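Accompanying notes for the structure given below.
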Amino acid sequence: MPDSPHGPADVVVLDATVLTMDPARPRAAALAITGGRISQVGDRAEVAALIGPGTDVIEADGRVACPGFVDIHTHTDLDLFRDPGHLLFKNYLMQGITTVLAGNCGMAEMAPGELLGRLDQAPPAVNFGTLAGHGYVRDACGVPAGAEELSGEQIDAMRDLLGKAMADGAFGMSTGLEYVPGLSSRTAELIACATVVAEHGGFYASHMRSEGDHLLAAVEEGIRIGRDSGARVQLSHLKTDGVCNWWKTDAVIGAIEAARADGIDVAGDQYPYTFFGWNPSIFIPGEHLAAGRATLLDTYLTDPRHRLRIKEGIVDRIVRYHGGDGDLVVVFDWTDGDGRRWQGTTLAGILTARGLTPGPEAEAELILKMLPDERSDAVMGSDLSTSDDAVRRYLSLPYLAVCTDGFNQPWLAPCHPRSYGAFPKVLGEYVREKRALPLETAVMKMTSLPASLMGLTDRGVLRAGAWADVVVFDEATVGERATFDAPAAPAGIDFVLVNGVVVVDRRASGDGFRLDAGASGALPGRVLRRGLAG
């Protein structure tokens with residue numbers, strides 16, 4: 001807490017529409033910040049009285065001021081230490097995101113304790129927490145990629161490693177059940193692991209086994225894991241994938257609502273796009289992936305009969321999910337065997353440029369050609385997966401938080417625009433233009449809801465004593481500007497503060513970003529650990 005709310009403030013925001021997310025005072029007109037925390041929330045006169053000679057005065061001129069956005073589903077740990085500039089989190093801060101949770105979809109490059117320890121030595125520009133990736137835990141315990149029935153010793157080793165991860169501050173465990181090695185895991189294994197997470201007060205976040213053909217069964221598995229383990233369940237980037245499956249949206253919502261009514265704590269997150277990011281293996285039927293990448297490439301694809309079965313599975317997906325239209329699948333970046341680089345081009349476009357006729361068979365062959373190059377996300381793309389109606393239906397759920405499912409990719413192209421504009425897209429497109437939900441509800445799903453899902457009590461809210469993560473945006477102009485081909489900062493995000501430090505200021509020249517890599521020792525973010533203040 002600040003020593004006193006009555007001394008000169010470090011920063012004040014005046015003449016704002018302050019959406020506090022605090023039920024005791026939902027709205028205000030001004031706020032003051034002292035020592036990195038909110039020191040006053042009130043009207044202009046009482047906050048203006050705290051202005052001193054060194055106070056930074058932000059005149060909001062009627063703009064909305066709200067808590068900094070909390071992104072509960074990111075992959076920002078995967079490239080965090082590849083470049084000092086990644087610690088700046090520019091593509092997150094420019095869209096108002098001040099807190100991120102990494103380690104999602106079962107993926108991780110190191111143990112949570114090691115990751116957070118490194119960040120203790122070099123703090124990032126955002127508040128940073130992580131989950132323990134189930135895939136990492138499996139690998140670290142020496143469990144073979146395709147192993148399904150694990151021994152008691154293997155389960156115990158995983159539980160021990162998860163217990164250490166939770167003790168080191170992980171917020172829970174994530175799974176990637178469409179990926180190797182998660183797709184080989186049995187439900188009993190996941191319940192055993194999630195029980196450890198529950199014992200430490202964490203939650204179970206799952207990229208489920210299916211987001212399309214077997215979506216309903218996947219949701220039921222997640223619910224069962226929550227019921228049997230006692231862990232809160234977070235269904236990751238909830239969507240209904242494939243035209244043939246769009247009818248399932250209402251059934252998914254019905255299953256979640258029934259579970260919640262039965263006392264099972266099930267929530268989730270969602271990015272506001274009809275298309276998702278992919279790599280080629282997402283098109284391969286899971287039974288061919290389970291044995292691992294080496295077996296797939298060196299054994300299955302070299303056997304003509306096995307290769308034919310795999311190709312038939314790809315064709316089936318393209319036909320049923322996309323109506324056979326190769327223009328609905330975009331390749332972000334791939335260099336083919338002839339050294340020609342394809343960026344932001346559809347499967348159909350690549351085939352046409354090569355003098356081939358587009359169609360499901362040819363598109364399946366193209367995906368098979370890309371598979372050997374799928375390493376370190378060298379081949380990624382986007383896939384029209386769901387309907388705008390499904391996006392709206394999931395967005396209407398008060399327990400689904402907005403997320404990016406994004407990467408810390410400073411201005412790389414081509415890429416999925418969600419890493420640059422997911423949160424402003426909701427405010428601009430789904431609130432202002434489509435009127436799919438009220439402004440306060442959208443802000444809640446970006447602030448207090450994800451903060452509460454993580455167990456953070458002093459973030460996601462503007463009240464005296466809370467950490468001063470603040471976004472000031474123009475309700476009339478806020479929106480996404482990024483495209484697949486051209487990443488760009490969003491419109492209408494005018495000021496962003498992290499722990500009381502102004503990091504985005506559109507009063508300044510250029511893009512308004514105030515941080516630089518050379519100032520890494522002074523970056524304002526804090527390392528977050530489950531159950532600890534921060």
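See the values below:
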read-out: Hits in segment 472-502 - residues which are open to solvent by less than 30 Å² (accessible area, probe 1.4 Å), among the hydrophobic types (A, V, I, L, M, F, W, C) and over 21 Å from the mean Cα position of the chain (by Cα); value: VAL472, PHE473, PHE495, VAL502
read-out: Extreme residue, least open to solvent (accessible area, probe 1.4 Å), among residues of segment 408-452 that are outside any helix (DSSP H, G or I) and of a type in the set (Lys, Arg); value: LYS434
read-out: Scan of segment 328-358 for residues that are surrounded by 18 or more Cβ atoms within 10 Å (Cβ to Cβ) and not in a strand (DSSP E or B), ordered by number; value: LEU328, LEU347, ALA348, ILE350, LEU351, PRO358
read-out: Residue within segment 511-520 that is open to solvent by less than 10 Å² (accessible area, probe 1.4 Å), under 24 Å from the mean Cα position of the chain (by Cα) and closer than 16 Å to GLN95 by Cα present; value: no
read-out: Which listed residue is at negative phi and at pLDDT below 95, from PRO424, PRO414; value: PRO414
read-out: Residue match in segment 61-71 (condition: open to solvent by 10 Å² or more (accessible area, probe 1.4 Å) and within 26 Å of the chain's Cα centre (by Cα)); value: no
read-out: Test: residue in segment 394-407 that is open to solvent by less than 30 Å² (accessible area, probe 1.4 Å), part of a helix (DSSP H, G or I) and modelled with pLDDT of 95 or more; value: yes
read-out: Subset of segment 228-246 [part of a helix (DSSP H, G or I) and open to solvent by 10 Å² or more (accessible area, probe 1.4 Å)]; value: ASP228, SER229, VAL243, CYS244, TRP246
read-out: Looking only at segment 275-306, and only at residues there that are open to solvent by less than 50 Å² (accessible area, probe 1.4 Å) and hydroxyl-bearing (Ser, Thr, Tyr), the one that is farthest from LEU183 (Cα to Cα); value: TYR300
read-out: Qualifying residue in segment 97-112 (condition: buried (at least 24 other Cβ atoms within 10 Å of the Cβ), over 19 Å from LEU456 (Cα atoms) and among the hydroxyl-bearing types (Ser, Thr, Tyr)); value: no
read-out: Matching helices (runs of 4 or more DSSP H) fully within segment 249-327 where at least 2 residues are closer than 27 Å to PRO144 by Cα; value: 286-289, 304-322
read-out: Those residues of segment 212-225 which are modelled with pLDDT of 95 or more and either in contact with a Cys (Cβ under 7 Å, 6 or more places away or on another chain) or open to solvent by less than 30 Å² (accessible area, probe 1.4 Å) (or both), in sequence order; value: LEU215, ALA218, VAL219, GLU221, GLY222, ILE223, ILE225
read-out: Any hit, segment 118-131, residues being basic (Lys, Arg) and surrounded by fewer than 24 Cβ atoms within 10 Å (Cβ to Cβ); value: yes
read-out: Pick from segment 78-93, criterion over 12 Å from GLY406 (Cβ atoms) and either of a type in the set (Val, Ile, Thr) or in a loop (DSSP other than H, G, I, E, B) (or both), ranking: least open to solvent (accessible area, probe 1.4 Å); value: LEU80
read-out: Filtered residues of segment 438-451 (kept if more than 15 Å from GLY479 (Cα to Cα) and in contact with a helix residue (DSSP H, G or I) (Cβ under 9 Å, 6 or more places away or on another chain)); value: PRO438, THR441, LYS445
read-out: Inter-residue pairs, beta-carbon under 9 Å, first without any contact (Cβ under 8 Å) to a residue 24 or more places away in the chain and in segment 158-179, second in a helix (DSSP H, G or I), 6+ apart; value: ASP160/VAL196
read-out: Residue, nearest to PRO285 (Cα to Cα), within segment 301-311, restricted to residues that are free of Cβ contacts under 8 Å to residues at least 60 places away in the same chain and touching a Pro at 6+ places or on another chain (Cβ under 9 Å); value: ILE310
read-out: Any hit, segment 247-264, residues being touching a helix residue (DSSP H, G or I) at 6+ places or on another chain (Cβ under 7 Å), open to solvent by less than 10 Å² (accessible area, probe 1.4 Å) and among the small types (Gly, Ala, Ser); value: yes
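Matching residues to (1) over 23 Å from the mean Cα position of the chain (by Cα); (2) at pLDDT below 85; (3) polar (S, T, N, Q):
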{"residue": "ASP265", "(1), (2), (3)": "no, no, no"}
{"residue": "GLN270", "(1), (2), (3)": "no, no, yes"}
{"residue": "ILE284", "(1), (2), (3)": "yes, no, no"}
{"residue": "ALA290", "(1), (2), (3)": "yes, yes, no"}
{"residue": "ASP298", "(1), (2), (3)": "yes, no, no"}
{"residue": "LYS311", "(1), (2), (3)": "yes, no, no"}
{"residue": "ILE314", "(1), (2), (3)": "yes, no, no"}
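The values are calculated or read from the model by the stated rules, or taken from the named source; none is laboratory data. None of these values were measured; they are calculated from a predicted model. Counting neighbours? That spans all protein chains shown, and the Cβs are built from the backbone with ideal geometry, glycine included. Surface accessibility is based on the protein's heavy atoms, side chains included, excluding ligands, DNA and RNA. Shrake-Rupley method; radii C 1.70, N 1.55, O 1.52, S 1.80 Å.
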